[in-house]
Amino acid sequence: MSSDLVIAEKAIAMTQGEENLFEVTVRSHTRMVYRIAYSVLRDVAEAEDVTQEVFLRALRRLGALASVRDQKAWLARIAWRAAVERNRRTKTGAPGNDVDHIASAECAADEVLWRKERSAVLQQFIEALPDELRNPLVLSALEELSPREVAATLDISEAAVRSRNFRARQILRQRLTVWMEGRKSI
């Protein structure tokens, strides 16, 4: 029996309570799952596909969903793993800058360009970090997961999350300082 058929049969057989639980879970956590997928893949279409895949995986494990204490952390872990798996399969870890900065009437053009350049450099510095430092930083700072949720997602301790975030920020601070000093001399 194909996995699509199994999923369809599970969806049809859901009780009203299970259906409500699943719907609430999807509504509550779709944005977070998408943001995690996008943070790994840097591609809108790929992130959308992974988001759907995550909720299909959750549907397959519908019985476990009701007993999960922290659905957000559980789904974050599934999203992280699914996105990393997709990234490994497609080998497209290159960042795509789909969202440009929107200039406001209050900002001068040179200020907008400066912010855009600084943001691009920071993104490069983050991507240059080793995985063990970059992953907790992205989930904590960019995806706004708590240290407990990051620890559960990456299967490491909360102390390791805090330590790795501290070290990653130190490295970024040093690199940005050197870059900014180089910019001042130009």
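Derivation of every value follows stated rules applied to the coordinates shown; laboratory data play no part. Nothing here was measured: the structure is a model prediction, and the numbers come from that model. Positions of Cβ are backbone-derived with ideal geometry, glycine not excepted, and every protein chain shown enters the neighbour counts.
Annotation: peptides 44-54, 74-84, ranked by per-residue average of other Cβ atoms within 10 Å with the highest first, follow the order 74-84, 44-54. Listing L56, L145 from fewest to most neighbouring C-beta atoms within 10 Å gives L56, L145. Sorting I126, I171 from the fewest to the most surrounding beta carbons within 10 angstrom yields I171, I126. Here the convex hull built on the C-alpha positions of region 109-184 has a volume of 79 cubic angstrom per residue. Each residue of region 164-180 is assigned a 3J(HN,Hα), and the resulting list reads 5, 5, 4, 5, 4, 5, 4, 4, 4, 4, 4, 5, 5, 4, 4, 5, 5 Hz, derived from the Karplus form 6.51 cos²θ - 1.76 cosθ + 1.60 (θ = phi - 60°), x at Gly and Pro.
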